[in-house]
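To keep things clear, I will list the structure first and then write my remarks on it.
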Amino acid sequence: MLTPADHQRAAQRLIIAATERKQAEQLSKTWPSIGFDDAYAIQSEVIRQKVAGGAKIIGHKIGLTSKAMQRSSGIDEPDYGVLLDDMVFADGAKIKASNFCVPRVEVELCFVLKKPLKGPGVGLIDVLRATEYVVPSLELIDARLQDPRKIYDTISDNGAAAGIVLGGRPVGATEVDLRWVGCALYKNGEVEETGLASGVMGHPAMGIAWLANKVGPHGITLEPGHMMLAGSFTRPVWVAAGDTVQADFGPLGNVAVQFV
């Protein structure tokens with residue numbers, strides 16, 4: 001376990017890297033004994049400082065929800081990060097690629113809550129009942145630390161969260177079978193990735209349930225009005241200035257952004 005002073009130094013490294021848009025040395029290289037509790041403590045310190053600077057927490061993201069991604073990271077459960085209001089972009093927005101270190105895009109379903117969720121004991125049905133609507137989204141991810149990163153680096157780095165774009169058609173959580181929501185992800189008019197939402201723990205709502213049960217014992221409640229990114233069901237697509245990305249969710253519509 002690292003010391004609180006180590007957590008502070010690690011958080012400052014991440015904040016500077018994000019501000020300067022320049023990747024920093026891996027925390028796991030500087031502190032080889034870093035563990036999961038350290039990583040989440042560092043993440044919390046980064047968020048605390050950003051909130052103190054005027055940012056507002058608007059939700060959470062769940063990552064590493066597929067078995068393949070968990071095995072590649074050497075873990076047996078997802079991870080999570082925090083969404084802030086300055087991460088939100090409009091559908092069709094022009095986004096500066098230079099605002100990120102190494103920008104990538106993933107396809108997700110976003111659950112917007114109407115009732116609070118607090119674990120332990122939250123299940124799939126609880127999530128569906130607590131959800132006001134589900135809407136297609138693109139998640140922008142970034143890495144403020146250099147390769148090769150360990151899972152502790154990614155968690156410390158707020159689960160790689162960098163942005164969220166909502167679009168398409170919002171639907172009730174039980175209006176469609178969310179397991180069978182599909183998406184084709186295009187970059188510059190060519191299909192890069194396709195996937196089904198069932199790739200997220202069998203049902204995307206299970207990612208939200210996992211999060212509620214993970215943070216509940218620490219006194220954290222998933223709040224009404226908050227956005228919950230349930231986890232990607234495609235691999236991340238690298239983007240750069242000049243790229244246009246569009247996610248076609250079929251009956252649920254499209255969401256797109258342009259990088260300049």
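The values are calculated or read from the model by the stated rules, or taken from the named source; none is laboratory data. Every value quoted in this text rests on a predicted model; they were computed, and no experiment measured them. Cβ: placed from backbone, ideal geometry, glycine included. Neighbour counts: every protein chain shown.
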**Study point:** Residue, farthest from the chain's Cα centre (by Cα), within region 182-201, restricted to residues that are in a loop (DSSP other than H, G, I, E, B) and closer than 19 Å to ALA130 by Cβ
**Key:** MET201
Point to revise | Single condition ARG149 does not satisfy, out of (1) within 19 Å of the chain's Cα centre (by Cα); (2) surrounded by fewer than 24 Cβ atoms within 10 Å (Cβ to Cβ); (3) part of a strand (DSSP E or B) | key: (3)
Check your understanding: Cβ-Cβ below 8 Å, separation at least six or inter-chain, first residue in region 158-175 and part of a loop (DSSP other than H, G, I, E, B), second polar (S, T, N, Q) and surrounded by fewer than 19 Cβ atoms within 10 Å (Cβ to Cβ): which pairs?
Key -> GLY167/ASN254; GLY168/ASN254
Review point. Got a number for residues in region 202-212 being part of a helix (DSSP H, G or I) and either surrounded by fewer than 18 Cβ atoms within 10 Å (Cβ to Cβ) or of a type outside the set (Phe, Trp, Tyr) (or both)?
Key: 7
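Given the options VAL181, VAL215, name the one that is at pLDDT 95 or above, under 25 Å from ILE58 (Cα atoms) and surrounded by 15 or more Cβ atoms within 10 Å (Cβ to Cβ). Talk me through it step by step, then tell me what you get.
Values: VAL215 fails: at pLDDT 95 or above.
Unique residue meeting the criteria: VAL181.
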